[in-house]
Amino acid sequence: MAKALARPRRAERSASRAGVWRGWPWLIGGLATALLIGLVATVGLIVTRPLLTATSPIAPSVLTSQARSAIDQAVAQAEADRIEAEALATALAINTGARQTLTSSRDQAQANLDVVADQVIDDSARIALSDQLLAAGDLLAQAVPADAASVSDQNSRLTQATADLGAANTALTDSHQAWLDRQPSYDGSNGHLNPGDLCPISYQPTLLLRCDAEAAWERLNSAYQAVWQENIPVDLSYRTYDEQVEMRQIWGSGAAIPGTSNHGWGTAVDLPDYRLVDDPDYWMADLGAEWNYGSPKYEWMKANAPAFDWVNPSWAVQGGIGPHEPWHFEYVG
Ligand SMILES: [Zn+2]
């Protein structure tokens with residue numbers, strides 16, 4: 001019995017061998033299937049390989065030195081760009097502040113110049129400040145550059161212009177103070193009137209007149225404006241004693257003796273279109289045409305100004321005893 005169990009009978013072995021041979025077609029089919037799968041996989045790999053390599057991270061070990069260099073350069077460039085951007089942002093912030101400072105200084109200096117006008121002991125201070133104002137305006141009109149170095153350069157110039165403008169403005173203030181200190185006491189005599197007691201001509205505010213004369217002049221100017229569509233241009237009005245001395249020195253008998261001119265009372269104006277020349281008959285020589293005797297504007301003034309208490313005095317008119325001054329008008333109110 002033990003033998004029978006250990007060794008199958010011949011018939012059983014035969015039957016078993018026949019079963020194996022009956023499996024051959026399956027084996028062949030399996031091999032063919034495997035080959036087909038392998039083929040498909042291979043083709044699939046060939047087709048997809050470019051895609052895989054394109055999207056997969058590349059191991060550092062396969063980078064060429066050229067690629068490393070390109071990356072290093074890109075990193076360095078990005079760092080340089082970052083530094084430049086930071087520098088530009090900083091410079092632009094400074095630029096904005098420097099422009100605001102210069103603009104403020106310019107406005108302040110312009111206001112000072114307007115107030116001081118020509119009341120300075122040395123006119124070069126006024127001219128110097130005018131030049132600095134022009135330079136500041138030019139600088140402020142310049143566009144802000146696009147790179148940090150150029151912006152920094154412009155910032156330096158803005159800062160320098162602010163300093164120059166401040167110095168020129170201080171010099172003007174000093175010169176104006178010296179001019180004020182030099183003024184004699186205002187005793188109310190001819191050419192020594194207190195400017196604070198006089199009134200500026202509205203459209204030429206550096207020119208002063210006695211206030212009643214100025215008010216009449218404004219009314220006359222309104223009437224003139226209605227006809228000529230312009231203000232009556234005025235060259236001179238109130239004149240201090242010192243100024244009259246200077247004019248006398250320049251023009252001799254062409255200017256009144258200091259202390260006697262109506263200009264010293266703030267009750268006379270000179271229209272601009274006159275020519276004082278070194279000639280005994282200066283009033284006949286080379287007078288400008290616009291306000292000379294016979295010109296439409298002069299004749300209008302001569303005819304209409306008296307209604308407003310302003311006259312071209314009888315000594316000044318054509319045929320008067322002279323000096324013949326068609327430009328000179330006096331308040332007689
Ligand atoms: Zn005059």
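The values are calculated or read from the model by the stated rules, or taken from the named source; none is laboratory data. Only a predicted model underlies this, so the values are computations on that prediction, with no experimental measurement involved. Here the Cβ is made from the backbone with ideal geometry for all residues, glycine too, and neighbour counts use every protein chain on show.
Some notes on this structure:
- Single match in Val269, Val277, Val311, Val227 (criterion: at pLDDT 90 or above, more than 14 Å from the ligand (Cβ to nearest atom) and of a type outside the set (Phe, Trp, Tyr)): Val227
- Exactly one residue out of Ile232, Ile201 is surrounded by 13 or more Cβ atoms within 10 Å (Cβ to Cβ), touching a Phe, Trp or Tyr at 6+ places or on another chain (Cβ under 6 Å) and of a type in the set (Val, Ile, Thr): that is Ile232.
- Matching entry among Ala111, Ala98, Ala128 (being surrounded by fewer than 12 Cβ atoms within 10 Å (Cβ to Cβ) and among the aliphatic types (A, V, I, L, M)): Ala111
- Any pair with Cβ under 7 angstrom, 6 or more apart, that starts in segment 89-117 at a residue that is without any contact (Cβ under 8 Å) to a residue 40 or more places away in the chain and ends at one that is small (Gly, Ala, Ser) and surrounded by 20 or more Cβ atoms within 10 Å (Cβ to Cβ): none
- Test: residue in segment 105-121 that is over 17 Å from the mean Cα position of the chain (by Cα), among the small types (Gly, Ala, Ser) and assigned to a helix (DSSP H, G or I): no
- Residue check: Val332 meets all listed conditions (1) within 13 Å of the ligand (Cβ to nearest atom); (2) modelled with pLDDT of 95 or more but one, namely (1).
Condition check ((1) modelled with pLDDT of 85 or more; (2) assigned by TED's automatic domain parsing to the domain that holds Gly252; (3) more than 14 Å from the ligand (Cβ to nearest atom)) across all residues:
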position: Met284; (1), (2), (3): no, yes, yes
position: Ala289; (1), (2), (3): no, yes, yes
position: Asn292; (1), (2), (3): no, yes, yes
position: Glu299; (1), (2), (3): yes, yes, yes
position: Val317; (1), (2), (3): yes, yes, no
position: Gly322; (1), (2), (3): no, yes, no
position: Glu325; (1), (2), (3): yes, yes, no
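- Summed over segment 205-222, residues that are modelled with pLDDT of 95 or more, over 19 Å from Gly264 (Cβ atoms) and not acidic (Asp, Glu) total 5.
- Test: residue in segment 201-211 that is away from the ligand (no atom under 12 Å from the Cβ), in a helix (DSSP H, G or I) and among the charged types (D, E, K, R): no
- Subset of segment 230-251 that is within 12 Å of the ligand (Cβ to nearest atom) and more than 20 Å from Pro200 (Cα to Cα) - its residue that is modelled with the highest pLDDT: Met247
- Once segment 252-266 is narrowed to residues that are at negative phi and part of a helix (DSSP H, G or I), the residue that is farthest from the ligand (Cβ to nearest atom) is Ser253.
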